[in-house]
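Input: a single structure, listed below in structure tokens.
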Amino acid sequence: MSESKLRPSTQIVEAKWLAPRLRGFGSGVASIVPDGFAAYVRILHPARAEGVKDEPVTWAEVAARSGGRMHRLVQFHAISGTNPFGTGSPSPFGISPPENGNLPPHLLSVLCVILAEHTRTEKSCWFCLWDGYGWIHGSPAASVIVFTPPSDTSGSAGEHSVPPGLPADVLQGPKVSLPHREYFLFHGPLHAARELGWTTPWGFDPQSPNLFWPQDHAWCIATEIDLFCTLVAGPEELAEALMADPRLEAWRVFPDDPVTWDSDKVNT
């Protein structure tokens, strides 16, 4: 395995530019990514076909099945018939909801390739990881359940403890503090964005950065923990490139646009 390119950082000052450009928490797109950029884009996290491992399903496909309408403020529950708070019966259209707060690795790679074309400092970027993930702190905040057949007498079944995902000095060090969220800070090249995550008995479980930006502040990306989308703030040329890429389900949005569960007024 190659050496990690991402390093924890105590240079919290590198995130100081964010807070003054964020609107009040929950007030719209510009409360999640900084205000003052030329363009904003919303990248929808793909849903999943029930019973088919890792098969992505676009929101447009879900809307086609349900008779819903796609638009920039579309909400998944409104086109899929699922509970907006993640409880209750599954979608009647055989679709499982997207993963909130996590852009799939293959799409994160696509995004980063495009982002690299719109910054002068792709080798020096800053990444924020929310401090609330249980695997970061290890047991008892996180545990792993291992199931084995009755014939297996190895003793591997049951609940297993999880070691902390970050060293003690990082866990106890300074954090980036923004309204209602605190983050660990990392530094590295743009292509290292996929290195965040934790190792389970079944392999590496990736977690996309919750916030990241280049040293020149040419753009800023946010994958807020409660949303089924990733928000991009940057130049107009970046927005056009994202929306033109067929691998991304991307919509132009605006700083004032709401992003709450009830913001889809078209499909309600």
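Has segment 48-67 got any residue that is closer than 14 Å to GLU99 by Cα and polar (S, T, N, Q)? Write out each step before concluding.
Within segment 48-67, the first condition is being closer than 14 Å to GLU99 by Cα, and the residues that meet it are 48-50, 53-59.
Keeping just the survivors that are polar (S, T, N, Q) gives 58.
The answer is yes; a qualifying residue exists.
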* Kindly list, by first and then second residue, each pair from a residue in segment 161-175 that is at pLDDT 90 or above to a residue that is polar (S, T, N, Q) and surrounded by fewer than 19 Cβ atoms within 10 Å (Cβ to Cβ), limited to pairs with Cβ atoms under 6 Å and residues at least 6 apart or on different chains. => GLY173/THR10; PRO174/THR10
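Taking the options ALA218, ALA222, ALA193, ALA233, name whichever one is over 19 Å from the mean Cα position of the chain (by Cα) and surrounded by 14 or more Cβ atoms within 10 Å (Cβ to Cβ). Give the derivation first.
Details: ALA222 fails: over 19 Å from the mean Cα position of the chain (by Cα); ALA193 fails: over 19 Å from the mean Cα position of the chain (by Cα); ALA233 fails: over 19 Å from the mean Cα position of the chain (by Cα).
Every option except ALA218 fails the conditions.
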* **Where ASP131 falls short, out of the listed (1) of a type in the set (Asp, Glu); (2) at pLDDT 70 or above; (3) over 26 Å from GLU237 (Cα atoms); (4) open to solvent by 80 Å² or more (accessible area, probe 1.4 Å)** => (4)
* Asked: Picking from GLU55, GLU14, which residue would you name as being open to solvent by 20 Å² or more (accessible area, probe 1.4 Å), modelled with pLDDT under 95 and out of contact with any Cys (no Cβ under 8 Å at 6 or more places or on another chain)?
  -> GLU55
* Which condition number in (1) surrounded by 15 or more Cβ atoms within 10 Å (Cβ to Cβ); (2) within 17 Å of ASP216 (Cα to Cα) is the one that ARG120 fails? -> (1)
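The values are calculated or read from the model by the stated rules, or taken from the named source; none is laboratory data. Since the structure is predicted, the reported quantities are computational estimates derived from the model, not experimental observations. Glycine gets a Cβ as well: all are built from the backbone with ideal geometry, and neighbour counts include every protein chain shown. Side chains included, ligands, DNA and RNA excluded: accessible areas come from the protein's heavy atoms. Shrake-Rupley method; radii C 1.70, N 1.55, O 1.52, S 1.80 Å.
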